[in-house]
Amino acid sequence: MKIKYDKEANILIFILKDDPPVDAIEEPGGVIISYNDKKDPVSIEILNASCRLHLQPGELNVILQG
């Protein structure tokens, strides 16, 4: 999984798979889930991320447990 923050667009993106998206659904609250041709989720985008998640510059910490 990759996590990216586009500061100019203010979007936080969780890339779950490297497959190209073929469909997307926008959920209430500014969340977009993209799917591949097998209908598996490939990415999750959070629009207006700094407002929704109250992000400050340099404040994003990610903890992955496996």
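Coordinate-derived values only; no laboratory data. Computed from a predicted structure; not experimentally measured. Quick reminder, even Gly has a Cβ in these numbers, built from the backbone with ideal geometry, and neighbours come from all protein chains shown.
Taking the fewest neighbouring Cβ atoms within 10 Å as the starting point, the ordered list for Leu53, Leu12 is Leu53, Leu12.
Only the Cβ atoms of Lys and Arg (+1) and of Asp and Glu (-1) were treated as charged; on that basis the dipole of region 2-52 about its Cα centre amounts to roughly 200 debye. Arranged from fewest to most other beta-carbon atoms within 10 Å of their beta carbon, Ile15, Ile3 become Ile3, Ile15.
The length gained by stretching the chain between Ala9 and Asn48 to full extension, at 0.36 nm per residue less their Cα-Cα distance, is 13.3 nm. Arranged from fewest to most other beta-carbon atoms within 10 Å of their beta carbon, Ser50, Ser43 become Ser50, Ser43.
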